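K.L.:
Shown below is the structure under consideration.
The values are calculated or read from the model by the stated rules, or taken from the named source; none is laboratory data. These figures come from a predicted structure and were not determined experimentally. In this analysis, Cβ positions are derived from the backbone assuming ideal geometry, glycine residues included, and neighbour counts consider all displayed protein chains. We work out accessible area using only protein heavy atoms, side chains counted, and drop any ligands, DNA or RNA first. Shrake-Rupley method; radii C 1.70, N 1.55, O 1.52, S 1.80 Å.
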Amino acid sequence: MKKYTKYSVLSNRVIMDLLILFYVFLLPYLADFYLLEPTIPFQEFYFKYIDNRYYIFEIIIISLTLISILCITGKVGAAMIATGLPMMLLAYASSIKFTARNELLHLDDLKLTEAAGMAANFLNFEFSPLRIKVIIIIFLFFACGITADILYKKFSLTELVNKKDSPQIPRIMRWVMCCICVTAMICYSNIFMHSTQNVMSVENGQLINEGYDRFVLYSFLKNEKNINITAGDIEKSYDYFLSNEAPDTYVNNKIRPTIIVIMNESWWDLDNRIGDNIMFSIDPMQPYHELSEKCSSGYLSTNIYGGGTISSEIEFLTGINTKYLLSDVGIYVETRSHKIPSIVEYFDELDYHTTAIHPYYGEFYSRNKTYSQMGFDKVIFEDDMDYTEIYTRYISDESLACQIIKEYEDEQEGSGRNQFIFAVSIANHNRSLHYKYEAVEEYHYPVEVTVKDQGVPEAEQGDLVNTVNGIYLANMAFAQLVDHFEQKEEPVIIVMYGDHIPFFSRSVLKALGLEGNEYEKQRCQYSVPILMWSNFIDQKIDFTGENINYLPQILLEYTGMPKTDMTQILQQERKYFKTDVRRFMEDSDGEQIKVYTDKQIEMVKHMNIIDYDMLFGDSSRREKLWQPHGAGEYISP
């Protein structure tokens, strides 16, 4: 009997060990298979990435975690549930964010508490057949683990154990083993993160951004601060950009105009749609086309999809390209905690009066802290607005335009100083955000929208109608500003650019003819319109997909105002990349980049170091990035 029990226990132990091995070697792949829903079978997906170092990293982390839990509980089922359930919840959360934003969940996202309510409105418990199969497989593993625990208890080795042995020794050893596993996990994770994020990975001439659309655990854990950059690296990168003077293409008209910049929420070019599945009673872009007759116009390229406004906002204010950051949340955390070099300092040095306007809560993205850190002279949030007309849910673009005019006129009548006004609209934001004002239930939309595609649900059609009309009214609000300032003799420049494409569901994106990863479709999805009007410069320029972070350099060059170290850096970057965003790249001639040259790779590495220094560093050169060169030579007219 004892012999039978001994063999039963040993065989059960072997089965449990095999079950655990099978489980930990499959779990990371199952999580990503759930996330991506690839068309290929799971076995093909598994063997395609079986030797991928990021999956190996996840396997090791899961294994050490599972062993730690086993040491404490002694239960295989409990260890599997404690590792598998969080992993699949992480995959589920990442799938929600990826659908809305085309990026995975990061640990820093948990710091963005004000977006939690917004994210909750995107929760969708409709699972595809493939995802249901993955969930069933995971729960089968849980069931097998619990069953193994039951069988192991039945065929216990209790009677084979010497009763004189102290029961305290195994318990102490279990805790020692647990501590060793946790320590090993922390050390290994730290070493791996530093090794993968310290340098840009290059493969066949391509810069590899691993973990962008998969590796849910690795993506969740990685952090910009894991990058090892020395003071020497930073100094070399500044010398790389600034040792040679950039070609001087500035007009040098020595005029300091009032500059008004509006980043308009979800302002997107509806002419980018392909096909006629979606039609309009009035062309929503007609005001834009009319304005293009007297404005510089075209489109810029953005790094974000459907959300993450703070990314496009910081790109203009600082010149940082957020492509190489993990998430916009990293920017959010840094800009609220300490001062980042920005164009606000530039205008302060030129004795401008600087104003920031955002007709929503100041706590959203901590703009109340960010704008204060940047040094704006005046900050206006929704409680400070004099004009509060509502567009369906939020303060309208027309009200924002009226507020901008009021701020300009008040300052002109007061100090008479030149002004820099930076405004971020809210009107066309996805209606998931909570707001103190009641939504307008039966808003009279000026543009009727017809959707021929029967695959678009009614609720999503309603959101589409709201978004289309928001774009039309944004165009009208800019025309309102131009009409007002055309009457002014003082030099003024007004710029409006979009932050990202609106959040379009997959069905709406398909109806727009933009579903897919083809180059032209990606370019349509990741481009935003721009208008730039001036009452003292006749020359117009065409925007053809330049990065948003180039915009401050282009603006200052266009107006002939003093340049800075940062505008020189951006000018150098533009010699290699006209467009350098997450989904596609183009060289200075507008040709798509499929394989990087050695010089382009070198440029990107130095760009990354400068951006890192701006966000996290403390070098002396960082503090001078936005100081105007030869500011005393420039006078007001």
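K.L.:
Using just the Cα positions, wrap the chain in a convex hull and report its mean projected area in square nanometres, one decimal place. Can you show the working numbers first?
P.N.:
Working: hull surface 131.1 nm².
That works out to 32.8 nm².
K.L.:
Going by average Cβ density within 10 Å per residue, which order do the peptides 585-594, 420-429, 360-369 take, highest to lowest?
P.N.:
Working: 585-594: 13.6, 420-429: 25.3, 360-369: 19.4.
Highest mean packing first, the order is 420-429, 360-369, 585-594.
K.L.:
Mind checking which of L18, V492, I234 is farthest towards the positive end of the chain's charge dipole, using Cβ charges of +1 (Lys, Arg) and -1 (Asp, Glu) about the Cα centre?
P.N.:
L18
K.L.:
Turning to a different aspect of this structure: When the accessible area of the chain is split by element with a 1.4 Å probe, what percent falls to carbon and sulfur? Don't skip to the answer; put the middle values down first.
P.N.:
Values: 15270 of 27800 Å².
Carbon and sulfur: 55 percent of the exposed surface of the chain.
K.L.:
Let me ask another. Using only the Cα atoms of the stretch 265-381, build the gyration tensor, take square roots of its eigenvalues as a ≥ b ≥ c, and label the shape rounded, prolate or oblate: rounded if a/c is under 1.5, else prolate if a/b is larger than b/c, else oblate. Write out the running numbers ahead of the final one.
P.N.:
Values: a/c = 2.19, a/b = 1.68, b/c = 1.31.
Judged from the Cα gyration tensor, the stretch 265-381 comes out prolate (a/c at least 1.5, a/b above b/c).
K.L.:
Compute the Cα gyration tensor for the stretch 435-486, then decide on rounded, prolate or oblate, letting a ≥ b ≥ c be the square roots of its eigenvalues: rounded whenever a/c is under 1.5, prolate when a/b is larger than b/c in the other cases, and oblate in all that remain.
P.N.:
Numbers: a/c = 3.32, a/b = 1.68, b/c = 1.98.
It is oblate, given that a/c is not under 1.5 and a/b is not larger than b/c.
K.L.:
Projecting each Cα onto the charge dipole of the chain (Lys/Arg +1, Asp/Glu -1 at the beta carbon, about the Cα centre), which of P287, L107, Y360 comes out farthest on the positive side?
P.N.:
Highest projection toward the positive end goes to L107.
K.L.:
How large is the charge dipole for the stretch 315-470, taken about the Cα centre, if only the Cβ atoms of Lys, Arg (+1) and Asp, Glu (-1) carry charge, to the nearest 20 debye? Please report the intermediate quantities before stating the final value.
P.N.:
On the way: 12 positive and 29 negative charges, 126 e Å.
Taking the Cα centre of the stretch 315-470 as origin, the dipole is about 600 debye.
K.L.:
Hey, with R₀ at 22 Å, roughly what FRET efficiency would N190 and K133 work out to, going by the Cβ-Cβ distance, to 0.05?
P.N.:
On the way: r = 36 Å, r/R0 = 1.62.
The formula returns an efficiency of 0.05 here.
K.L.:
Follow-up question, since we're still on this one. Kindly report the accessible area of the stretch 348-436 per residue (heavy atoms of protein chains, probe 1.4 Å, no ligands, DNA or RNA), in Å².
P.N.:
35
K.L.:
Using only the alpha-carbon atoms, how far is helix 458-485 inclined from the longest principal axis of the chain? Give it as 0 to 90 degrees, nearest 10.
P.N.:
It is inclined by approximately 30 degrees.
K.L.:
Quick one: net charge around S68, please, counting Lys, Arg +1 and Asp, Glu -1 for every other residue with C-beta under 14 Å from its C-beta.
P.N.:
Details: positive: K75, R174; negative: none.
Once all neighbours under 14 Å are counted, the net charge is +2.
K.L.:
Further, regarding this structure: If the only charges are +1 at each Lys and Arg Cβ and -1 at each Asp and Glu Cβ, what is the size of the charge dipole of the stretch 557-637 around the Cα centre, to the nearest 20 debye? Before the final figure, lay out the partial values.
P.N.:
On the way: 12 positive and 15 negative charges, 21 e Å.
Computed charge dipole of the stretch 557-637: roughly 100 debye.
K.L.:
If I measure Cβ to Cβ between cysteines in the chain, which ones have no partner under 4.7 Å?
P.N.:
Cysteines of the chain left without a disulfide-compatible partner: C144, C179, C181, C187, C295, C402, C524.
K.L.:
What is the sum of charges around E409, taking Lys and Arg as +1, Asp and Glu as -1, for the other residues whose C-beta is under 12 Å from the C-beta of E409?
P.N.:
Numbers: positive: K406, K488; negative: D386, E407, D410, E411, E413, E490.
Within the 12 Å Cβ shell, the charges total -4.
K.L.:
Using a ≥ b ≥ c from the Cα gyration tensor of the stretch 512-618 (square roots of the eigenvalues), is it rounded, prolate or oblate, where a/c under 1.5 gives rounded and otherwise the larger of a/b and b/c decides, a/b for prolate? Show your work: numbers first, answer last.
P.N.:
On the way: a/c = 1.88, a/b = 1.09, b/c = 1.73.
It is oblate, given that a/c is not under 1.5 and a/b is not larger than b/c.
K.L.:
Roughly how many Å² of H434 are accessible to a 1.4 Å probe, to the nearest 10?
P.N.:
120
K.L.:
Tell me, what is the per residue accessible area of the stretch 556-606 in Å², probe radius 1.4 Å? The partial results should precede the final answer.
P.N.:
Details: 1850 Å² over 51 residues.
Per residue, the stretch 556-606 has an accessible area of 36 Å².
K.L.:
Take the cross-link list K236/K624; K97/K575; K369/K624; K540/K578; K294/K378; K48/K578 and give me the ones stretching past 24 Å between alpha-carbons.
P.N.:
Numbers: K236/K624 16 Å; K97/K575 34 Å; K369/K624 22 Å; K540/K578 18 Å; K294/K378 31 Å; K48/K578 34 Å.
The pairs that break the limit, which is 24 Å between Cα atoms, are K97/K575; K294/K378; K48/K578.
K.L.:
Using helices alone, what [θ] at 222 nm do you get for the chain, with -39,500 (n - 2.57) per DSSP H run of 4 or more residues, divided over all residues and rounded to the nearest 500? Walk me through the numbers on the way to the answer.
P.N.:
Values: 21 runs with 306 residues, N = 637.
-15500 deg cm²/dmol, from helical runs alone.
K.L.:
Sorted by average packing, counted as other Cβ atoms within 10 angstrom per residue and highest first, what order do 439-447, 85-93 take? Can you show the working numbers first?
P.N.:
Values: 439-447: 11.2, 85-93: 18.1.
Sorting 439-447, 85-93 by mean packing, highest first, produces 85-93, 439-447.
K.L.:
If r is the Cβ-Cβ distance from D351 to D283 and R0 is 30 Å, what FRET efficiency results, to the nearest 0.05? Please report the intermediate quantities before stating the final value.
P.N.:
Details: r = 43 Å, r/R0 = 1.44.
The computed FRET efficiency comes out at 0.10.
K.L.:
Once the whole set of protein chains is in place, how much accessible area is left on S296, using a 1.4 Å probe, in Å² to the nearest 10?
P.N.:
Accessible area, nearest 10 Å²: 0 Å².
K.L.:
So for the chain, averaging the separation of alpha carbon pairs under 8 Å that are six or more residues apart and normalising by length, what relative contact order in percent results? Could the numbers behind the result be given before it?
P.N.:
Values: 983 pairs, mean separation 132.0, N = 637.
It comes to 21 percent, rounded to a whole number.
K.L.:
Quote to one decimal, in nm, the extra length available between I40 and I15 on full extension: 0.36 nm per residue of separation minus the C-alpha distance between them.
P.N.:
On the way: separation 25, 0.36 × 25 = 9.00 nm, distance 3.00 nm.
Result for the pair: 6.0 nm of gain on full extension.
K.L.:
Let me know the charge dipole size of the chain about its Cα centre in debye, to the nearest 20, where only the beta-carbon of Lys, Arg (+1) and Asp, Glu (-1) is charged.
P.N.:
Result for the chain is approximately 4680 debye, rounded to the nearest 20.
K.L.:
Now for a different question. Once you have the Cα-Cα distance between S415 and W175, take 0.36 nm times their residue separation minus that, and quote the gain in nm to one decimal.
P.N.:
Numbers: separation 240, 0.36 × 240 = 86.40 nm, distance 7.00 nm.
Net length gain for the segment: 79.4 nm.
K.L.:
If Lys and Arg each add +1 and Asp and Glu each add -1, what is the summed charge of the other residues whose beta carbon sits under 12 Å from the beta carbon of F347? Display every interim value, and only then the final one.
P.N.:
Numbers: positive: R256, R417; negative: E345, D348, E349, D351, D377.
Neighbourhood net charge equals -3.
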